[in-house]
1. Going highest first, how would you order 384-396, 359-371, 309-321 by mean Cβ packing within 10 Å?
2. Sort 39-52, 237-250 by packing, meaning the average of other beta carbons within 10 Å per residue, with the highest value first.
3. At 0.36 nm per residue, and after removing the present C-alpha to C-alpha distance, how many nm does the segment from GLU381 to MET94 gain when stretched out fully?
4. Contour minus end-to-end for LEU113 and ASP298, with contour as 0.36 nm per residue of separation and end-to-end as the Cα-Cα distance?
5. Bin by bin, in steps of 5 Å, what percent of the Cα pairs in region 211-399 do you find, going until the bin that has the longest distance?
6. Once you put a point 7 Å from the Cα of LEU171 and another 7 Å from the Cα of ASN40, both along the Cβ direction, what distance in nm separates them?
7. Calculate I(q)/I(0) for region 16-177 by the Debye formula, one identical point scatterer on each C-alpha and no solvent, and give its log10 at q = 0.12 Å⁻¹ to two decimals.
8. Please compute the length gained on full extension between GLU305 and ARG156, using 0.36 nm multiplied by the number of residues separating them and subtracting their Cα-Cα distance.
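None of the figures in this text is laboratory data; all of them are computed from the coordinates on show. Given the structure is predicted, the values throughout are model-derived calculations rather than measurements. Positions of Cβ are generated from backbone atoms using ideal geometry, with glycine treated the same way; all protein chains shown enter the neighbour counts.
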Amino acid sequence: MRASKGGPQAGRLPTLRDAALRAAPQGEVGFCFVVPLMRNPARILIVDDVADNVEILRMRLSSLGYEVVVAEDGEQALARVRDDLPDLVLLDIMMPKIDGLEVVRRMKADTSLPFIPVILVTAKATPKDVVAGLDAGGDDYLTKPIEHGALVARVRAMLRIKALHDEVQALNKDLEAKVQAQVGELERVGRLRRFLAPQLAQAIVSAGDENILGNHRREIVAMFCDLRGFTAFSETSEPEDIMQLLAEYHGALGPLIRQYEGTLDRFTGDGMMVFFNDPLPCPDAPERATRLALEMRDAVARLGETWRKRGHRLGFGVGMAQGYATLGRIGFEDRFDYTAIGAVINLAARLCAEAEDGQVLVSGRLAAAAETVAEVEELGERQLKGMARPLVVTCLRTLKT
């Protein structure tokens, strides 16, 4: 019985390589390849120009459950390897056109191919011939006439190596993909943090899209703070002195905002707007806001001592409120901000404007919540600018020990 002489293209079914080539971007075919795991059953390519040799090997390997494909010379062998991606090649050395040593050299040099072990089949078993075969890229060898036990043992050994190699490659690919994803995430977070609050940048990256920026309603704690006397200071000071002072001011408050995981909405010169419980949920928002406000006040007080030595007399006030707001993105395509809008924002701003140097003013439910972590003093009703009716205002004094 003679093996089919049909060429590698004759009536064949689509292969894994065909699928990879179809998926490859134009111009990148030579380098596009996804390493498949070894098949079950394994596919073995037999290469020999003697039909009887091919038939004997085919029958033995088929009886063991392997899938067998054949090639009659070196050119067919290279075509079969590229088209069928066998898991193992049994390669005769002495063949017309292209001998086995040249075939294995070309296989091993083709970077688009996965690892495919090659067992060289030779009638010569001298040390010199074996070394030449291994140097060319062969992984093992068999001598003719082929003994059945040796054939089975070497085939199974090479397929075990192939399976382990493919498994390691798959793990490496998975690890590489995870590392690339993490690097990409860090890069995205780094870019976003130049313009957005760290929590917002991280939330966008974790969500995988920007849907989190869509308008939504949520209860938040809003905080406004600014320097008392800054307008007069900026009118009489050199720009360099103003920028230095603001750098010191922001440098002292920024780490505190990050520590308590507040979302910094924006800078407006000496003013800042911070809110809690968005975009990341924060179940203890009132307590965090209270601690942050008092630590910010103390930090600016320490800065004030340095500023007074330079002839600058500036104070610091804070206003906070708790309530529902609409949050989302505003702006245009090239520049946007994420902000909160609602009565709670206006109330916090009015309380900030009312605060004297060193005061942290709060109102409503936030005052009751703040009592759990801070000493408070009720200041009575105040008519705040823009508010329809007077509100009871409370001043936060110190954190409880």
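1. By packing density, highest mean first, the sequence is 359-371, 309-321, 384-396.
2. Numbers: 39-52: 18.6, 237-250: 13.9.
Ranked by mean Cβ neighbours within 10 Å, highest first: 39-52, 237-250.
3. Residue separation times 0.36 nm, minus the Cα-Cα distance, leaves 93.0 nm.
4. Fully extending the segment from LEU113 to ASP298 adds 60.0 nm.
5. 1, 8, 17, 20, 19, 16, 11, 6, 2, 0
6. A separation of 1.8 nm, rounded to one decimal place.
7. Relative scattering, expressed as log10 I(q)/I(0), comes to -0.52.
8. Working: separation 149, 0.36 × 149 = 53.64 nm, distance 8.09 nm.
So the extension gain works out to 45.5 nm.
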